[in-house]
Amino acid sequence: MVTQATIQAKINYGYGIAANILGETCQFFAPSNPLDAIAATNYAGTLAVRFDPNFQFGATKPQLYGHPVWGAAFDRTDTNVGWYMVSQVSGTFFILAQQPLLPTAAVLCNRTVSITRPSSPTPGPGYYGGAAPAEGQITGKWPCSILQGPKGNEPVAGLSLPGSTKQPWAAILLPSIPSVSIELGDIITDDLGHRWDISGAELTEFGWRLEAEYSSE
């Protein structure tokens, strides 16, 4: 009797053969804690992977700006959603989805981020009910996709000057992080030194989908 598992195993094998011929070598990393997603201790092995922007694996169309999700063909028998694939050719990806009988979806990462959480101030003289400057780190280095969103927020009231521009807004895709729940108000710092205040955080079956506003602090 033919089962879905049997068909999936044949698909995995076929993609593995194609990747060995047409793909590139990738190191796989299975993050096990919030500290460093692609640390050597998370190394899970090496596989050939064929990346394609259109999930057709025929290389008929190039990837365009603003679309970080790619198709990835490889033998996924022993891999999981949230794992990273690091290639010296195409860059760093994380596995977004491995749905039954469908191609694997992967996100191309263009930044590496850490996340901190502002601590609440202790009530006392001058208490204002906001967040204190001191911050606690909740993640270390995690590759992700950060793309500028189509909107921006007006400058803080009272600080706007002639010629002031809107604060940039970003859409961020990040895998689910072991033992970490991302909250509104958490702060993302990327490898360029930019800071982003998280204004929207949705944990989906594919990982985190975040919205964040650029912070000048």
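The values are calculated or read from the model by the stated rules, or taken from the named source; none is laboratory data. Here the structure is a predicted model, which is why all the values come from computation and not from measurement. Here the Cβ positions follow ideal geometry from the backbone for every residue, glycine too, while neighbour counts run over all protein chains shown.
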* Applying the selection to segment 89-101, what residues are more than 12 Å from residue 49 (Cβ to Cβ) and touching a residue at least 60 places away in the same chain (Cβ under 8 Å)? -> 94, 96, 97, 100, 101
* Kindly indicate whether any position in segment 23-45 is in a loop (DSSP other than H, G, I, E, B) and over 21 Å from the mean Cα position of the chain (by Cα). => yes
* Mind checking which residues of segment 172-203 are part of a loop (DSSP other than H, G, I, E, B) and without any contact (Cβ under 8 Å) to a residue 40 or more places away in the chain? -> 181, 184, 193, 194
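Give 138, 146 a once-over and let me know the one that is at pLDDT 95 or above, within 17 Å of residue 196 (Cβ to Cβ) and assigned by TED's automatic domain parsing to the domain that holds residue 183.
146
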* To do: Considering (1) outside the structural domain of residue 191 (by TED's automatic domain parsing); (2) surrounded by fewer than 19 Cβ atoms within 10 Å (Cβ to Cβ); (3) modelled with pLDDT of 95 or more, say which one residue 104 fails and leave the rest.
  => (2)
* Of the numbered conditions (1) under 30 Å from residue 149 (Cβ atoms); (2) surrounded by fewer than 17 Cβ atoms within 10 Å (Cβ to Cβ); (3) without any contact (Cβ under 8 Å) to a residue 60 or more places away in the chain, residue 51 satisfies every one except a single condition; which is it? -> (2)
* Filtered residue count, segment 1-30, keeping only those that are within 23 Å of residue 175 (Cα to Cα) and in contact with a strand residue (DSSP E or B) (Cβ under 7 Å, 6 or more places away or on another chain) -> 7
